[in-house]
Each structure stands twice: as structure tokens, then as C-alpha cells.
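Nothing in this text is a laboratory measurement; each read-out follows from the coordinates by a stated rule. These numbers were taken from a predicted model, which means no experiment stands behind them. In this analysis, Cβ positions are derived from the backbone assuming ideal geometry, glycine residues included, and neighbour counts consider all displayed protein chains.
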Amino acid sequence: MRHWLFEETLPLWSTVGVDERHGGFHEALGFDATPLMKPKRRRTQARQVYAFAVAKERGWEGPADRLIARHRLHGGPGRTDKGGWVRTLNIDGSIADPVEDAYDHSCVLLALAHAHMSGNPDALRLGEETFAFLDAHLEDSRMTGFLETSDGEGERRSNPHMHLLEAFLAWHKATGERAYLRRAARVIGLFRSHFFDAESWTLGEYFDDGWKPVAGEKGAWTEPGHHFEWASLLVDFAARSGQSELTAFARKLYASAVANGLNRATGLSYGAVSRQGLPLDRVSRSWPQAEAVKAAVALDGSGGPDLKPRSRRASAACSAGT
């Protein structure tokens, strides 16, 4: 795994994956490693910054500082008049979609936290500006989480909140300031009160403005990958806050995903299942398999069963799937 990451993946994306003409990073590469001329999503730019910053933390000797410094998080046309970040840029860096999206801002905040930890001189200031925008324009006026976009329209989703929780925990790690744990605690409160279903041990995805599950199939939609992802974040928050009871929630999410969310023929996670375990999306993407490994590692040694064999099986299933 280390060889693949450090000798193959990072050298590829740190060279061919960089848009030397227009700045930032290419949205995608073809299977022949040729850049695909697609609009650049904010989350892609942020995730590449995150990846290179973490690579530096893990000992990569490549040009991480230069790559982070040339990101599209410094301002310019990617910023809005309100201090937020646009959703999508055209290839040349002009604005394609000016919407200020909560999910995208969670990715920006996560990237900036790790850029700050890697020594980038602009990351702390940009993080503070982004938090100011978040509080002023994306926070629900009723103090019940965050809006999907700054216009306040549309359904409410648990997923942006999960990624904001991840970003808040990263900023706590980066600065040691408990204010970020308090931010994280508000998301945990929503998890307890609305996201988690105690009867089925599942986590909902789509809600109305009052945090009730939406009608129809979407209200019953759950994603095993997000169960795994929430499990590892709950373990992280429990360790930092002392709220050890959250580990029990993490185990329930993990158990639910393993019991009802796996394709028994392949061992891979489905894209989505109903609260009763009926497959709704049979596609097995890469990221839920990685989250399954991450959750098993996080939960192993937390007082429950030995999850090392489960982690190895998940890794093997993902490798076989590629």
C-alpha cells in the first residue's frame, strides 16, 4: 500500500494531475493518464490540497508545499462577495457555478486545517475567513445545523454535517482550541436527536426543513459507507471529548452496515440500502470499502470484538474488486 501511494499515486497526481496552465488541479484523468477537460469542482481542488498535506505529514518527500501553495484556495474568482467559495470553476478558472455549498465548504475547511498543520502560511487566515462565512451565511437561524446552500433552499442532508464534523475535528487537532470541539458537539447533538435511528441502528440521509425524514424511498435511504465513516468520526470525537458512550453508537452503525450493507457475493459495500436492508444502489464504489477499513481500525481495541480480521477482509475485498 505504501509503495502504491508514494511511488505510483502521488507522483502521478503531483505531475499530470496539476493544471500548469490555469492553476489548481485537473478534475479528472483518463485511464491513459491524460487530463480530462472538465469543470473543476471546489471539493476536488480542496481534496487534492488535503491529500498532499497529509502526504507530507506521512513523510512524502515530494513538492507538497509548492502544490499546496498553488491551490485554488487563495481567493480570486473562486471567492464570492460574501467571503464564501463557489461550487465549480471552468477550466480556465472563471466561475461556472457560483453557489456556496455546505459540502464544498466542509472540504475547504478540512484542506485548510491540514495545510495549516503542514506549515502553509495562508491557511489559518483563510480558515478563519471561511468559518466567518459559515457562521454568517450557512448556519441555520434556528441553530439546528447548517443549510445546504447559502440561499437556504432545498432538502437537508446529514452528509454535509458529517464532513463538517470531520473538518471541526481537524481544526481542533491543528490548533488545540476547544471552540472547534464545541462546534463538533453541535453536530453530534444532531446525530443523536435526528440522524440516528435507534430502532434500526441506521443513519438517515435526506430530511425536510424540520429534520424529519423525507417521504418515499429517499427517506429510507441509508449508505453503508457513511455508517462506516460516521463510526470512525464518533470514536475520534469520543476520545477527544470524553463522551465514551458515543463508541456504542459507532459499534451499532458498524454492525448495521456489516449486517445489511454488504454484497455477500463480493464482500463489498453496496452504495445504499433501505433501513430494512433492501439494496437500493447495488454499485460498489471504492470509497465505502476504504471507510470500512478505517472504521474497523478505529473500533478495534475499543472494548468490542477483535476487528483486525474484518479489516483484512475488507482490504482484500477492495483489492479483489480492482
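Computed over the chain, relative contact order equals 10 percent, with contacts defined as Cα pairs under 8 Å that lie 6+ residues apart. From the square roots a ≥ b ≥ c of the eigenvalues of the alpha-carbon gyration tensor of the stretch 85-210, which class results: rounded (a/c under 1.5), prolate (a/b over b/c), or oblate? Cα axes put the stretch 85-210 in the oblate bin. Here the relative contact order of the stretch 51-196, from alpha carbon pairs under 8 Å that lie six or more residues apart, stands at 20 percent. Each residue, Arg125 and Trp287, gets one label point 7 Å from its Cα in the Cβ direction; the gap between the two is 3.1 nm. When the pairs Lys212/Lys252; Lys38/Lys252; Lys40/Lys294; Lys38/Lys212; Lys56/Lys218 are compared against a 31 Å limit on Cα-Cα distance, Lys38/Lys252; Lys38/Lys212; Lys56/Lys218 fall above it.
Of Gly242, Gly119, Gly261, the residue with the greatest mean-square motion in the GNM of the chain, using alpha carbon springs below 10 Å, is Gly242.
Give me the Kirkwood hydrodynamic radius of the stretch 1-154, using the inverse of the mean 1/r over all pairs of distinct Cα atoms, in Å to one decimal. Computed over Cα pairs of the stretch 1-154, the Kirkwood hydrodynamic radius comes out at 16.0 Å. Taking every DSSP helix (H) stretch of at least 4 residues in the chain, weighting each as -39,500 (n - 2.57) and dividing the sum by the residue count yields a mean residue ellipticity at 222 nm of -14500 deg cm²/dmol. Annotation for Thr144 and Arg182: the two label points, set 7 Å from Cα along the Cα-Cβ direction, are 2.3 nm apart. Taking only the Cα atoms of the stretch 166-244, the ratio Rg/Rh comes out at 1.02, with Rh defined as the Kirkwood radius. Considering only Asp32, Asp81, Asp236, the Gaussian network model of the chain with Cα springs below 10 Å gives its largest mean-square fluctuation to Asp32. Dipole magnitude for the chain: computed about the Cα centre from +1 point charges on Lys and Arg Cβ and -1 point charges on Asp and Glu Cβ, it is near 800 debye. Here P(r) over Cα pairs in 10 Å bins from 0, in percent was calculated from the structure, and among [x] 5, 18, 20, 12, 5, 5, 7, 9, 9, 6, 2, 0; [y] 6, 24, 34, 28, 8, 0; [z] 6, 30, 38, 22, 4, 0 it sits at label [y].
Here the dipole of the stretch 1-154 is about 360 debye; that uses its Cα centre as origin and unit charges on the Cβ of Lys and Arg (positive) and Asp and Glu (negative). A dipole drawn for the chain from +1 and -1 charges on Cβ atoms has a positive end, and of Gly62, Leu262, Thr222 the residue lying farthest that way is Leu262. According to a simple spin-label model (label point 7 Å from Cα along Cα-to-Cβ), what is the distance in nm between Asp197 and Ala215? Here the modelled spin labels are 1.8 nm apart.
Report the residues of the stretch 10-48 in range of a label on Asp151: point 7 Å along Cα→C-beta, backbone N strictly under 19 Å from it. Under 19 Å, as judged by backbone N against the label point of Asp151, lie 42 of the stretch 10-48.
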